[in-house]
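Student: Can you keep this structure in mind? I'll have questions shortly.
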Amino acid sequence: MNGHVVAGIVWLALIAGGYVAFDVWMRPEAVKGCEDGEASQVLRLAAAHDGHYYVDGAIDGRPVRFVVDTGATTVTVGGPDATRIGLPEGDPAGFRTAAGNVMGRVVRGRSVRAGCFDLSGLSVAVSPPMGGSALLGQNFLRHFEVTMSGGTMVLRPRPDR
């Protein structure tokens, strides 16, 4: 009987180790860099294995992992992230999502950072049922020229900014 328990523990450890290794392997290098630091302000993102582009950033100085979503109107977080960040209640709002209509709220006047870019005065939508990465939407992205080529997304500030 002891042999079966030991074998079970070994198998569970191998499965857990494999899961962690796979999770690390699947997580892309989110930011290739803001070339030349503050001088050129070019952010290059590598496509992840799932084809999406991820970038580490912050809302009101609290860390958030974003998926770049050119179809999202607004920077959006789920309920757990909103609580963790400490976002205030905001105004009630309805959202049309791929999963249907959802009630949530909009919090105005927030600072949002993605990679080396910071913007202030943005609205952040809170969609309580949303899980996973926050969405970096058009209210942030419209301030940048966004190009994609060969598995790389490039963000550059618009000249008129």
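Student: What is the fewest-to-most order of F117, F66 by other Cβ atoms lying within 10 Å of their Cβ?
Tutor: Numbers: F117 18, F66 27.
Arranged by neighbour count, lowest to highest, F117, F66 become F117, F66.
Student: Please list the non-local residues whose amide H lies under 5 Å from the amide H of T97, H modeled 1.01 Å from N, same-chain partners needing a gap of 5 or more.
Tutor: The answer is V102.
Student: Using only the Cα atoms of region 102-161, what semi-axes does the equivalent ellipsoid have when each is the square root of 5 times a gyration tensor eigenvalue? Give whole Å, largest first.
Tutor: Working: eigenvalues 111, 51, 17 Å².
That gives 24, 16, 9 Å for the three semi-axes.
Student: What does the C-alpha gyration tensor say about the overall shape of region 31-157? Classify as rounded when a/c is under 1.5, otherwise prolate if a/b is larger than b/c, or oblate. Spell out each step's value before the answer.
Tutor: Details: a/c = 2.02, a/b = 1.53, b/c = 1.32.
Cα axes put region 31-157 in the prolate bin.
Each value in this text was obtained by applying a stated rule to the coordinates, not by laboratory testing. Just so it is clear, the structure is predicted and the values come from calculations on it, not from any experiment. So basically every Cβ, Gly included, is an ideal-geometry build from the backbone, and we count neighbours across all protein chains shown.
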